[in-house]
Structure formats: structure tokens, C-alpha cells
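This report concerns only the one structure given below.
The values are calculated or read from the model by the stated rules, or taken from the named source; none is laboratory data. None of the values given here were measured: they were computed from a predicted structure. Here the Cβ positions follow ideal geometry from the backbone for every residue, glycine too, while neighbour counts run over all protein chains shown.
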Amino acid sequence: MLKAMALNDETARAWEFMRRADAAGDSNEPSRLGTAVRDHRVPLRHDSNYLLVERPASPEEISAELRRLDLPVATVPDESLLMGSMDGAKVQHRGIVMVHRGEARYPPEPAREVPREWLAPLRRATTLSYPWGSPEVADQLLRAKAFIEDRLPTRFFAVLDGDEVVACADLYLDPPDAQIEDVATSPSHRGRGHGTTVVTTALAAARDAGADFVFLVADADDWPKEWYARLGFETVGSYVKLQRG
């Protein structure tokens, strides 16, 4: 269905990949507006419990369908699918899909590949730093990492200060496609290039594994998108998440 929408080829390719990994659930249900995705093991994780909007619809129609389905959020992978006025729409997040262009090289001191469990303290602290973060949400986000690892080969990269992980990134692999996701740096270690180290290490590892299409998603309204652009990532599409009214 994604290819039948207004998405360009690269954006459609990215979304089809995410639907098998980071944006997958344990069940899919047809909806008049697209697909209802659910994962009853992690009900608080919005990337596992959402309405994927695949047909043109107004915010009011989307909100009504969310109420009918009892889902918290709708993901609209191309904003051109939104019909009518956005006045009153509850926009949770605006994002962009960015694809890497050009060659990838390991940094002079690459990040270290580590087990998933090593990243848990930094992941938990990052979640709790957000207004929407809670211990329950943090637990479910960490649990979902194991589900993603079951679906696709997944690698985890980190910069360590002693025994402490101070920066990290995930790499989801299914060559020729790959996604870099969940980049985080401890606030006390920002400004030292650690984020660049984990991203460029993951990127080079993806290329080494045979991926020629490496992408990530970023907040459309925050500064990291410019940093990713400096690392060679180009915006190819935009999306929006709407909360249930």
C-alpha cells in the first residue's frame, strides 16, 4: 500500500523497512484509513501501537478512527495525505526521513560494538528526561529493543567513559537497506563529538555489511537534522504524528 501513496521511492523504501523493524507490532488490523498496528506486550510504545494512515483523510477523520480503534496516535507518512484544515489538530511530532549520500568511512577512533543491555542506563535516563517519560514507558521502550532484535539483525554502538556508556546508536540491518536509530549522548558528555562517532561508525558498519540505502529519521523542528545533514544525510520526505482528540 505504501508505494501506492504519494511517497517518493526512497521514502516508501524507508517506511517499508521501518514497518518490519522499529515501527512493527505483533498484529496488524485493516482500517478504513490504513493499518492499525498493535503490540500488546508494549502498549505504551507509540511506535508499536498506532494507526498508519495510507489514504487521504482529514485530521477529524483520523481522530475519529483513533477513538474507534482505541489507539493513541496516527502516523501519516506523507503530509500530502492530510486533507482539510489542520486547525485544532493535535500534532504530536513532525519528522523527516534522511538518506545518506556518498561514501562512509570509520572515524579515527570508532565507537565500540556492545551488547544491547549495556545501553539500558543511558536509554532509561534519556527517556526519563522527556516530559512524557516515566519508569513504565522506559521499561517498555527497553523491552521493545529485544523485539526489534528478533525481527532483524541489530547492532549497538557506544562510546564509553570507563565503564559508562555516554553515547550510543542502534543499527538495524537487512542489506541492501539499513536504519540508524535512537542516537543519544549523555548531557554531561555533549559537545565532544561522541554523537558523530557513533553515527559514523554505524554508517560505515552498514556499508561494510552491504547496505547501499542507509537512512534515519529526525525531528523536523530540532537542530540534529542540520548535524545529520553535515554528516551526509539528505532529507527525502516528511511525516507527521497526530494524537487522538
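Quick check on Ser80: is it surrounded by fewer than 22 Cβ atoms within 10 Å (Cβ to Cβ) and out of contact with any His (no Cβ under 7 Å at 6 or more places or on another chain)?
Criteria met by Ser80.
Within segment 231-245, count every residue that is among the small types (Gly, Ala, Ser) and closer than 8 Å to Ile96 by Cα.
Matching residues across segment 231-245 total 2.
Here are Gly245, Gly191: which of them is assigned to a loop (DSSP other than H, G, I, E, B), surrounded by fewer than 18 Cβ atoms within 10 Å (Cβ to Cβ) and in contact with a Lys or Arg (Cβ under 9 Å, 6 or more places away or on another chain)?
The conditions single out Gly245.
How do the pairs read when you match residues in segment 86-106 that are over 23 Å from Ala178 (Cβ atoms) and not assigned by TED's automatic domain parsing to the domain that holds Val199 with residues anywhere that are assigned to a strand (DSSP E or B) and among the polar types (S, T, N, Q), using Cβ under 6 Å and keeping only pairs 6 or more apart or on different chains?
Lys90/Gln243; Gln92/Gln243
Within segment 66-98, can you find the residues that are more than 16 Å from Arg45 (Cβ to Cβ) and in a loop (DSSP other than H, G, I, E, B)?
Pro77, Asp78, Met83, Gly84, Ser85, Met86, Asp87, Gly88, Ala89, Lys90
Identify all residues within segment 126-173 that are of a type in the set (Val, Ile, Thr) and either within 20 Å of Ala111 (Cα to Cα) or outside any helix (DSSP H, G or I) (or both); write none if there are none.
Of everything in segment 126-173, those that are of a type in the set (Val, Ile, Thr) and either within 20 Å of Ala111 (Cα to Cα) or outside any helix (DSSP H, G or I) (or both) turn out to be Thr126, Thr154, Val159, Val165, Val166.
If we scan segment 115-126, do we find a residue that is within 24 Å of His46 (Cα to Cα), of a type in the set (Ser, Thr, Tyr), surrounded by 12 or more Cβ atoms within 10 Å (Cβ to Cβ) and touching a Gly at 6+ places or on another chain (Cβ under 7 Å)?
No, that holds for no residue.
Quick one: which strands (runs of 3 or more DSSP E) lie wholly within segment 1-64 and hold at least 3 residues that are surrounded by fewer than 20 Cβ atoms within 10 Å (Cβ to Cβ)?
By residue number, 27-31.
Determine if segment 71-86 includes at least one residue that is modelled with pLDDT of 95 or more, more than 28 Å from Arg230 (Cβ to Cβ) and in contact with a helix residue (DSSP H, G or I) (Cβ under 6 Å, 6 or more places away or on another chain).
yes
Out of Tyr228, Tyr172, Tyr239, which single residue is outside the structural domain of Leu7 (by TED's automatic domain parsing), more than 26 Å from Trp118 (Cα to Cα) and crowded, with 17+ Cβ neighbours inside 10 Å?
That would be Tyr239, the only listed residue that is outside the structural domain of Leu7 (by TED's automatic domain parsing), more than 26 Å from Trp118 (Cα to Cα) and crowded, with 17+ Cβ neighbours inside 10 Å.
Could you check segment 99-117 and list, in sequence order, the residues that are among the hydrophobic types (A, V, I, L, M, F, W, C) and assigned to a helix (DSSP H, G or I)?
none
Residues that are modelled with pLDDT of 95 or more, in contact with a His (Cβ under 7 Å, 6 or more places away or on another chain) and either within 23 Å of Ala125 (Cβ to Cβ) or in the same structural domain as Ile62 (by TED's automatic domain parsing) (or both): does segment 190-211 have at least one?
The answer is no; no qualifying residue exists.
Of all residues in segment 108-128, how many are free of Cβ contacts under 8 Å to residues at least 40 places away in the same chain and not acidic (Asp, Glu)?
Here the count works out to 5.
Only one residue in Ala125, Ala167 is among the hydrophobic types (A, V, I, L, M, F, W, C) and in contact with a His (Cβ under 8 Å, 6 or more places away or on another chain). Which one?
Going through Ala125, Ala167 in turn, just one is among the hydrophobic types (A, V, I, L, M, F, W, C) and in contact with a His (Cβ under 8 Å, 6 or more places away or on another chain): Ala167.
All but one of (1) part of a helix (DSSP H, G or I); (2) touching a residue at least 24 places away in the same chain (Cβ under 8 Å); (3) not hydrophobic (A, V, I, L, M, F, W, C) hold for Glu226; state the number of the condition that does not hold.
(2)
For segment 73-99, give me the residue count where each residue is more than 24 Å from Arg13 (Cα to Cα) and among the small types (Gly, Ala, Ser).
Within segment 73-99, residues that are more than 24 Å from Arg13 (Cα to Cα) and among the small types (Gly, Ala, Ser) number 4.
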